[in-house]
1. State yes or no: is B:LEU165 without any contact (Cβ under 8 Å) to a residue 60 or more places away in the chain and within 14 Å of chain A (Cβ to nearest Cβ)?
2. Hey, can you tell me all the residues within the range B:249-260 that are buried (at least 16 other Cβ atoms within 10 Å of the Cβ) and β-branched (Val, Ile, Thr)?
3. Taking B:PRO206, is it touching a residue at least 40 places away in the same chain (Cβ under 8 Å), surrounded by fewer than 18 Cβ atoms within 10 Å (Cβ to Cβ) and at the interface with chain A (Cβ under 10 Å from one of its Cβ atoms)?
4. Does the range A:15-29 include one or more residues that are assigned to a loop (DSSP other than H, G, I, E, B) and of a type outside the set (Asp, Glu)?
5. Could you list all residues from the range B:105-118 that are free of Cβ contacts under 8 Å to residues at least 24 places away in the same chain, surrounded by 15 or more Cβ atoms within 10 Å (Cβ to Cβ) and either in contact with a Pro (Cβ under 8 Å, 6 or more places away or on another chain) or not in a helix (DSSP H, G or I) (or both)?
6. Kindly provide the set of residues from the range B:16-42 that are more than 14 Å from B:SER53 (Cβ to Cβ) and in a loop (DSSP other than H, G, I, E, B), ordered by number.
7. Are any residues in the range A:91-109 in contact (Cβ under 8 Å) with a residue 24 or more places away in the chain and more than 14 Å from chain B (Cβ to nearest Cβ), and if so, which ones?
8. Identify, by number, the condition in (1) more than 12 Å from every other protein chain (Cβ to nearest Cβ); (2) crowded, with 16+ Cβ neighbours inside 10 Å that A:LYS77 doesn't meet.
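What follows is calculated from the coordinates using simple rules that are stated; it is not laboratory data. None of these values were measured; they are calculated from a predicted model. Neighbour counts run over all protein chains shown; Cβ positions are idealised from the backbone, glycine included.
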Amino acid sequence: MDKENEFEKRVSRRKFFNIAGWTGLFAFFGSSGAAGARFFYPKVLYEPASTFNAGKPEEYTAPAGNEKAVVDERWKKSQRVWMVRTKEGIYAMVAICTHLGCTPNWFPTEVRFKCPCHGSNYNTDGEVVAGPAPEPLYRAKIELAPDGSMIVTTGLLGIRRANLQTQKKTLGVFWTEEEKGVIWKPPYFLQLKA
Amino acid sequence: MSTNLNNNNEVSFVPPFLKKIFEYIKSTPVWKSIFRVGYPDTMPKRMAVMRSSFYMHIFPTKVGVHGMKIKYGWCMGGITFFLFLLLTITGILLMFYYVPEEHRAYNDMKDLRYVVPFGVILRNMHRWGAHGMVFTVILHMIRVFYTGSYKPPRQFNWTVGVLLLLITLMLSFTGYLLPWDQLGFWAVTVGTNMASATPLLGYEGPFSKYLGIQIDNDIRFALIGGTRIGPNALVRAYVWHCVGLPLIATALMIFHFWRIRKDGFSGPM
C-alpha cells in the first residue's frame, strides 16, 4: 500500500467534502443569524437629549414653615424630572417609576408621589413607602453652568441606583447609609443657602 | 322553467341548452386541467378529489361521526382560524390609511373612526376580532386539554399550538401600541420593561451584569429600538404586527393543520 492510499483512508474525498459542506452551511447560517440579530440594535438614536438647562436655583421656591420640601413640576412633561427644593438645597428626581417605568404623579396634600399603573408610593426623598417598586426613584445629576444655571443630566446610564451600589446585590426600598453618602452630595445634590 | 328527467330518472331543473353548454365547458382542456376528477360520486373519486385539489387536500376523505359532533370541540380552532383570516383582511385595509409615525398614528386612528368610509366598522372588527381570537384560542387550548387531545401521537402538535398561542398574544401586544394612545403607550412601556428583567438578556435581569448587558444593548433595546418608547418602538411594533408575526403564524398554522389532517380528529373520551 503506497502513501497516497493511506491518506485516502484517513481523510477520504467524501469525508472531506462532507465536513467542508456542513461547516460552510453552519458558518453561513450562523453568521447570517448573528448579523440578523445585530441589525436590531441601532447604532444611532434620535432620542431627546439627556441634559437640559433647568434655570437658576433662585427660580425655585424654598420650603416655608414646617414644609420639608417643595416639589417643582415645571420640567415633568418635557424632561420627566422633578426639581425638589429643600431647606438645604435642590435635587432632581427622575419621574420614572422604578417598578415598570410609568410616570408617577405628585400629590402635595399627601406629600407623596403615586404611580397610576400599579400603585407604588414614594416620599419626597424618592424612597418607596407603598406598592411594588423595588428601589427608590432615580436621581439626576445637577451641575452648575458658568452663568449659574443648573445643567441636569437624566441619561439613564448615569443615574441607576445599581451604579451607586456598584457590586452590592441587595436592593432596598429605602436609601442605605452608604447610598445616602452619595445622593446628598454633588453631583446629585446642589447645596444652597437657606 | 322546464323540468325534465335525465338518464337516471332524476328530476333536473337545468334547461337542455344550458346543459349542453355545461357539457361543452366541462369537455374543454382548460376545465379538465383545473378540475381533474369530476363529480365525486364514488369512493375512489372522493379520494382522488381530496388528493388532487389544492383547496380540498386540507380535508380528510372520511371523517368519523365523533369528529362531526359540534359539542366535542365547539369548533374553537376553526373559529380562531376564521378570526385570523378576518383580522388579516381588515388589517390590510386599515394599513391603507394608518401610518406608524409618531405625529400621525393617533390622528390616523381617529380618522379611521370618524372620517374614513366604513373605517369605524373595519377598526372595530379588527379590535373585537383580536379580542375574540385570544378568547377562542384559549378556549381551544382548554378543550384540547380536557379531551386529552394532547396525548400521543399528538404531543408535537400541542407544542406547535402553544407557539401559536404565544404568537397570538404577541400579535395582541404589538397591536396594542399602534393607536399610540395613553393606554397602549403605558401598557407597552410596562410590558417591555418586564423584558428588561429577563435573565442574562435584560439589563435589570439576573446575571446580566456579568455579560456586560446595559440599557443600550439588552433585549428591550432590540425590541423597541431605543432606550424609551418612541418612534422606533412604534415602527417596530407595526412591522412585527403586520408582517413578521403573521408570517410566522401562517407557517405554524400550515404545519398545525397538516398535522391534524395526518393524525385525524381525536375521538370522544
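1. No.
2. B:ILE260 - this is the single residue of the range B:249-260 that is buried (at least 16 other Cβ atoms within 10 Å of the Cβ) and β-branched (Val, Ile, Thr).
3. Considered against the rule, which asks whether it is touching a residue at least 40 places away in the same chain (Cβ under 8 Å), surrounded by fewer than 18 Cβ atoms within 10 Å (Cβ to Cβ) and at the interface with chain A (Cβ under 10 Å from one of its Cβ atoms), B:PRO206 comes out as no.
4. In the first step, residues of the range A:15-29 are kept if they are assigned to a loop (DSSP other than H, G, I, E, B); the result is none.
The answer is no, given that none of the residues of the range A:15-29 is assigned to a loop (DSSP other than H, G, I, E, B) and of a type outside the set (Asp, Glu).
5. Across the range B:105-118, the qualifying residue is only B:VAL116.
6. B:THR28, B:ASP41, B:THR42
7. Listed by number, the residues that qualify are A:TYR91, A:ALA92, A:MET93, A:TRP106, A:PRO108.
8. Here A:LYS77 clears every test but (2).
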